[in-house]
C-alpha cells in the first residue's frame, strides 16, 4: 500500500473527503504548541474547514515538547493525515492538509522561536494539558524545576519558556501583534496563561513584559471533543478505507465544540464559519463543560479503574455507574454553576452520556484518569465549594473523591497501571505510610488550594472518609446499589 502524501493523494479511494486544494503559499500562519491527537482532531479540523471560506489560507506549524512521534509519522506524508469521525451512525474520513510542518523543541529550539516571531504568524494556539502551564493557583510556579533551570540559563523546555522566547524575538524583530489562544481544560485558561507569561517576562526583562501587554492578546476558550489515543489497529483500519497508508490518522467522535473569547489582536481564521462560537462570556460555557463533562469523565474513569475496566464506554454501560453519573450531572454539577442562556441542561447531560457510551471511539480509563491531582481541583473541588456556598449538600461530588482515593490505591499498587500523575511519588508514599488504612486527609491535601478554608477542608475530609469506609466494605457496585443506584 502506498504512503499517503501529496504525490499519492490522487490514488485515494472515494471514502477520503478532500475539502480544500493543497496550498503551497498560505497567507497566514498559526503556531500550535503541544501538537497531539486532540489538536489534530480539533483546532486543525476547524482550521481546515475555515480554509474553505474565502481566499485566505492558513497553515499550522506544530511544536512538540518531548516526543518526535507525530513529526516522524507525518514527515514522509507531507504532513497530510486523516481524521475519522465514528459513532453508531457510521464513519467518515476527512483529509487534513493545513499542517505545514512539526518542530521538536529539544531538537531545534531556535526554529520554534523563529516560527513564533515570523511576521506571517498571527496566532499561537496551545494544548499542553494542565501541568504544562507551570503554575500553582493561577500564578507562575517559580519553584518548578524546569522553570528554575530556564531562569538559570538552561535549555528551554517549558511551554511558557518557549512562548516567551518567541515573543522576545518577535519584539526584537519588530513584528508586532499576536493572538494567543489557550485550549486546555483550565478555568479562565487565557487569563491564567497571561498571568503566568507576564510574571515570567518580568523575571526576564521588564521591556518584554511591557511589550506583551501592549501587543499580545490572550483568549480564553472552551474546547470539547472526545479523541482517544491512536492505535496501530485503528490506523490500519483507516488506511484500508482510504486506500493509502496513513501512519498519522486520528479517530474521534463526530461532536466538536469550540467557544472562543472575542479578544483578537490580529486576523484569525474563519473558525466561526466552521462552527466555532465567538463570545464575550466563555466562563459559563467553560464551567458547564469542565464540571458536567470533564468532572463526570473523571468519575467514570476512576470507577473503571476500581472495577478493572479498560474503557470508558465499558464502565458507563454498567447501570449503577450510568445512574450515578446522570444524577451527579443534573443534581450537583449543573446546580453548582450558572447555566449558559439557551442551554437545555437535561438535553446537554443526555448528549454527554451518549458520547461516553460511544464504543466506536474507545477511550481508556487510564488516559482519562491521568493527572488527577491537577484535574480534580477544578472538576470536583470547585463545584463542591460552589454547592456549599449555595447550601446544597455535595454528596455525589464528595463520593467522587472517595472513588478517586480508592482508585489511586489500585493504581499505585499495580505495577501494570497506566495511570500517570505528577504527584504519583507522593501518592505512593502516602499509601505506604498508611499501611492498610485509607489516608484520606493526606491524599486530599494534594488537591486543596488556599481557596478552601481549614473548616471546609475538614467537612469534605469527613464526608470522603465515610464514603471510603462504605466503598471498602461493600465494593463500588454493592455500595452504589445500597444507596439506590441500580
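The values are calculated or read from the model by the stated rules, or taken from the named source; none is laboratory data. Keep in mind that what you see is a predicted model, and the values were worked out from it rather than measured. Don't worry about glycine lacking a Cβ; one is built from the backbone with ideal geometry, like all the others, and counts go over all protein chains shown.
A few points about this structure:
- Across region 211-222, not a single residue is classified as touching a helix residue (DSSP H, G or I) at 6+ places or on another chain (Cβ under 6 Å) and either under 17 Å from residue 92 (Cβ atoms) or assigned by TED's automatic domain parsing to the domain that holds residue 354 (or both).
- Residues that are under 30 Å from residue 403 (Cα atoms) and touching a strand residue (DSSP E or B) at 6+ places or on another chain (Cβ under 8 Å) number at least 2 in the following helices (runs of 4 or more DSSP H) confined to region 207-313: 282-288.
- Hits in region 105-120 (condition: within 17 Å of residue 34 (Cα to Cα) and surrounded by fewer than 21 Cβ atoms within 10 Å (Cβ to Cβ)): 106, 107, 108, 109, 110, 111, 114
- Residue match in region 80-102 (condition: in the same structural domain as residue 253 (by TED's automatic domain parsing), at pLDDT 95 or above, farther than 26 Å from residue 273 by Cβ and over 20 Å from the mean Cα position of the chain (by Cα)): no
- Once region 229-251 is narrowed to residues that are closer than 14 Å to residue 38 by Cβ and surrounded by fewer than 22 Cβ atoms within 10 Å (Cβ to Cβ), the residue that is farthest from the chain's Cα centre (by Cα) is 230.
- Count of region 291-311 residues which are buried (at least 23 other Cβ atoms within 10 Å of the Cβ) and either more than 13 Å from the chain's Cα centre (by Cα) or modelled with pLDDT under 95 (or both): 10
- Candidates in region 335-353 are the residues that are at pLDDT below 95 and touching a helix residue (DSSP H, G or I) at 6+ places or on another chain (Cβ under 6 Å); of these, the one that is surrounded by the fewest Cβ atoms within 10 Å (Cβ to Cβ) is 338.
- Region 1-11 - residue that is surrounded by 16 or more Cβ atoms within 10 Å (Cβ to Cβ) and touching a strand residue (DSSP E or B) at 6+ places or on another chain (Cβ under 8 Å) and, of those, farthest from residue 63 (Cα to Cα): 9
- Residue selection: residue 331 satisfies the criterion of being touching a residue at least 40 places away in the same chain (Cβ under 8 Å), over 16 Å from residue 367 (Cβ atoms) and either in the same structural domain as residue 344 (by TED's automatic domain parsing) or outside any helix (DSSP H, G or I) (or both).
- Flag: residue 361 matches the condition of being more than 30 Å from residue 141 (Cβ to Cβ), crowded, with 17+ Cβ neighbours inside 10 Å and in contact with a strand residue (DSSP E or B) (Cβ under 8 Å, 6 or more places away or on another chain).
For every residue, the table says whether it meets (1) farther than 20 Å from residue 373 by Cα; (2) part of a strand (DSSP E or B); (3) in contact (Cβ under 8 Å) with a residue 24 or more places away in the chain.
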| residue | (1), (2), (3) |
| --- | --- |
| 101 | yes, yes, yes |
| 148 | yes, no, no |
| 160 | yes, no, yes |
| 163 | yes, no, yes |
| 176 | yes, no, yes |
| 180 | yes, yes, yes |
| 192 | no, no, yes |
| 200 | yes, no, yes |
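- Any hit, region 154-172, residues being at pLDDT 95 or above and within 30 Å of residue 90 (Cβ to Cβ): no
- Any chance residue 486 is in a loop (DSSP other than H, G, I, E, B) and either touching a strand residue (DSSP E or B) at 6+ places or on another chain (Cβ under 8 Å) or buried (at least 16 other Cβ atoms within 10 Å of the Cβ) (or both): no
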